[in-house]
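Just so it is clear, none of the values below were taken in a lab; they were calculated from the coordinates. Everything numeric here is computed off the predicted structure, so don't read it as measured data. Cβ sites come from the backbone with ideal geometry, for glycine too, and all protein chains shown count toward neighbours.
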Amino acid sequence: MVLGHSISNAENLLRASGYNLEYYVSNFLYTFHMPLFFLVSGYVLFGKHIKVGDRAIRLMLPFFAWIPVYWFVNRYIHHYPFPVRFGTTLKDTIFNPGNGLWFLPTLFLCSLLLIPVIYLEKRRSWFAEAYLGLVFVAVNLIPYDKLGVLQVKYFFFFFAAGYLLAKHRGRIEGIGRRRVAAGAALLSAAFLVAFTVLYYYGLIKPFTFPISLVDLFKTPSAYLIRYGMACLGIVLSIAVIRALGTTRALKVLAWFGLVTMDIYVAHGLMIQLAFGSGWVKVLTGFVLGIVLSLALAFLLLRQWWVSAAVFLGIKRRKSAPGMEASAEMLDVFDDRQVENPTPEP
């Protein structure tokens, strides 16, 4: 995510050609990286009791808290001609969360839609699958695209898939680790080949974002490519991370899972401090986006419970988990149990 935004900060992708390496890498990332985040978010919520108030504090409070910060910095420090970098007006940013920190209200809505599953599964296990399928179709049929609904129409599929992946993990493991690894390797290779071919013919268009079920009937090939490539890209991501294999690498991954909110909410400001041109600007933006965001969080925002709650959605308690990609995300990538997978922040 940070790398993708660093590329768009360094290069005007709307004017870039298909032969531009930055444009190629950006298209590659945007094919699957946000669907992957939603899949992990759905995965770690399996078996959890979802409280609306807790989810609102965790996700919506930081969303609204950072709007004036972005407005002030972009208007009076960077002197952009519009109030919010990712939206034309303050009203547009709130009612059309496709601008700015859109991930937070979209994940909040997906979480609310998941609440009935807990009660339905007590009656029949398969009710969860039926409910999630019906919700995906029903949301896509809603003739309304504001307040994050448009994003939910696309990303709820991956959020629900993550939940079901966690639910049926035992059955997947029953297939056998070698078979699963072999299947993941084949699907990963299929993704790389398919991406190369589709990109060459100009059929990869991740920036037409997001896409809804209505598009299946308007442009079926584009719809199927979008979902199919996202799913294959997710498999590639999981296969690569599982291939890391070392306990140290998994611990690092788990720790970053605890601080994803810290990075997400502030990186949009930090990457604007990038310097140089071309890939130098991309890499400096990438490093600054992560390092400075974490420095802001640990040196300032996490020091007081009020600022931690308002800007990071962290409730007042001894240990503060990150966004949904917490230590439990390791279960998505590795079959083994890692002792003490998350060092203290």
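Dipole magnitude for segment 32-244: computed about the Cα centre from +1 point charges on Lys and Arg Cβ and -1 point charges on Asp and Glu Cβ, it is near 480 debye.
Loop-resident chymotrypsin sites (Phe, Trp or Tyr not before Pro) (DSSP state other than H, G, I, E or B) in segment 222-284 with no more than 16 further Cβ atoms inside 10 Å of their Cβ: Phe275. Amide hydrogen proximity for Leu203: with H placed 1.01 Å from N in the peptide plane, no residue at 5 or more positions away or on another chain lies under 5 Å. Check the straight Cα-Cα distances from Lys51 and name the lysines below 26 Å, setting aside those fewer than 8 residues away within the same chain. Those lysines meeting the cut-off are Lys122, Lys146, Lys153, Lys167, Lys315, Lys318. Note on segment 197-258: Rg/Rh from C-alpha atoms, Kirkwood Rh, equals 1.16. As a proxy for reagent exposure, ranking His267, His5 by other Cβ atoms within 10 Å from fewest up yields His5, His267. With the dipole of segment 32-244 worked out from charges on the C-beta (+1 for Lys and Arg, -1 for Asp and Glu) around the Cα centre, which of Ser125, Met34, Phe158 lies farthest toward the positive end? Farthest towards the positive end: Ser125.
Counting beta carbons within 10 Å around each of Tyr131, Tyr19, Tyr119 and listing the fewest first gives the order Tyr19, Tyr119, Tyr131. Karplus-derived 3J(HN,Hα) values for segment 41-56, using 6.51 cos²θ - 1.76 cosθ + 1.60 with θ = phi - 60°, are 4, x, 4, 6, 8, 5, x, 8, 8, 8, 9, 4, x, 5, 5, 5 Hz; glycine and proline are entered as x. The tail of the calculated P(r) for segment 32-244, taken as Cα-Cα distances beyond 20 Å, holds 65 percent of the pairs. In terms of other Cβ atoms within 10 Å, Arg58, Arg248, Arg302 run from fewest to most in the order Arg248, Arg302, Arg58.
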